[in-house]
1. Do the conditions hold for residue 58, that is, is it under 30 Å from residue 128 (Cβ atoms), assigned to a helix (DSSP H, G or I), of a type in the set (Asp, Glu) and outside the structural domain of residue 130 (by TED's automatic domain parsing)?
2. Scan segment 53-95 residue by residue and report those that are free of Cβ contacts under 8 Å to residues at least 40 places away in the same chain, of a type in the set (Lys, Arg) and over 30 Å from residue 111 (Cα atoms).
3. For segment 87-146: of the residues being surrounded by 12 or more Cβ atoms within 10 Å (Cβ to Cβ), under 30 Å from residue 58 (Cβ atoms) and among the polar types (S, T, N, Q), which is farthest from the chain's Cα centre (by Cα)?
4. Would you mind stating whether residue 72 is closer than 28 Å to residue 141 by Cβ and among the small types (Gly, Ala, Ser)?
5. Only one of these conditions is not met by residue 50: (1) in the same structural domain as residue 126 (by TED's automatic domain parsing); (2) within 22 Å of the chain's Cα centre (by Cα). Which number is it?
6. Which of the following residues is touching a Phe, Trp or Tyr at 6+ places or on another chain (Cβ under 6 Å), outside the structural domain of residue 136 (by TED's automatic domain parsing) and more than 24 Å from residue 124 (Cα to Cα): 7, 15, 22?
7. Which residues, taken from segment 1-27, are surrounded by 10 or more Cβ atoms within 10 Å (Cβ to Cβ) and outside any helix (DSSP H, G or I)?
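The values are calculated or read from the model by the stated rules, or taken from the named source; none is laboratory data. Keep in mind that this is a model prediction, so the values were computed, not measured. Quick reminder, even Gly has a Cβ in these numbers, built from the backbone with ideal geometry, and neighbours come from all protein chains shown.
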Amino acid sequence: MEEISEIVTSPAWWITVVIAGIAINLVSGYLKELIDSKLSRISHWWEARTKEQQVKRDNYISRLKTDDKFFALHTIRHTKSRSWAIMWSLLGVMLFLGAQIFADDGKASAPLMAIGAIAFFRSFKHLMSAAKFLHYAEQAIDPQDT
């Protein structure tokens with residue numbers, strides 16, 4: 001405890017603290033401008049990207065409204081995406097069950113669990129695509145048509 005009090009009361013320690021504080025203040029001033037400019041660019045890029053995606057989405061939905069063949073193709077995509085989601089889910093369940101069967105042998109269990117987890121992630125991806133396709137189809141159908 002005495003060593004700490006000796007270090008804190010020494011002039012060298014106080015000079016070091018003051019110099020470090022000034023250096024940190026100078027560096028933070030330069031970094032603030034750099035970080036602000038980078039975040040501003042990211043914000044503008046994100047805004048432009050969002051507007052571009054909105055235009056693409058609106059064009060897609062308007063095409064669904066006007067083109068019956070495109071709507072049929074869209075429905076097939078939705079069904080296909082749901083089918084893939086079910087297939088990947090079943091594969092994941094089978095792999096997890098297989099991993100439980102081989103639970104005594106640690107070498108065989110871990111790869112099956114890893115591949116099963118990948119299968120579940122793929123299933124989730126296809127399920128989200130199917131939900132997006134369904135949402136677009138719902139927006140394309142007018143309430144008077146049903």
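1. Details: under 30 Å from residue 128 (Cβ atoms): yes; assigned to a helix (DSSP H, G or I): yes; of a type in the set (Asp, Glu): yes; outside the structural domain of residue 130 (by TED's automatic domain parsing): yes.
Against the criterion (under 30 Å from residue 128 (Cβ atoms), assigned to a helix (DSSP H, G or I), of a type in the set (Asp, Glu) and outside the structural domain of residue 130 (by TED's automatic domain parsing)), residue 58 qualifies.
2. If the condition is that a residue be free of Cβ contacts under 8 Å to residues at least 40 places away in the same chain, of a type in the set (Lys, Arg) and over 30 Å from residue 111 (Cα atoms), then 56, 63, 69 are the ones that fit.
3. Applying the filter and picking the extreme gives 139.
4. On the way: closer than 28 Å to residue 141 by Cβ: yes; among the small types (Gly, Ala, Ser): yes.
Judged against the criteria, residue 72 is a match.
5. (1)
6. Numbers: 15 fails: touching a Phe, Trp or Tyr at 6+ places or on another chain (Cβ under 6 Å); 22 fails: touching a Phe, Trp or Tyr at 6+ places or on another chain (Cβ under 6 Å).
Testing whether each residue is touching a Phe, Trp or Tyr at 6+ places or on another chain (Cβ under 6 Å), outside the structural domain of residue 136 (by TED's automatic domain parsing) and more than 24 Å from residue 124 (Cα to Cα) leaves just 7.
7. 10, the sole residue that qualifies.
Yes or no, residue by residue, for (1) modelled with pLDDT of 90 or more; (2) part of a helix (DSSP H, G or I):
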{"position": "70", "(1), (2)": "yes, yes"}
{"position": "79", "(1), (2)": "yes, yes"}
{"position": "86", "(1), (2)": "yes, yes"}
{"position": "89", "(1), (2)": "yes, yes"}
{"position": "104", "(1), (2)": "no, no"}
{"position": "107", "(1), (2)": "no, yes"}
{"position": "111", "(1), (2)": "no, yes"}
{"position": "123", "(1), (2)": "yes, yes"}
{"position": "128", "(1), (2)": "yes, yes"}
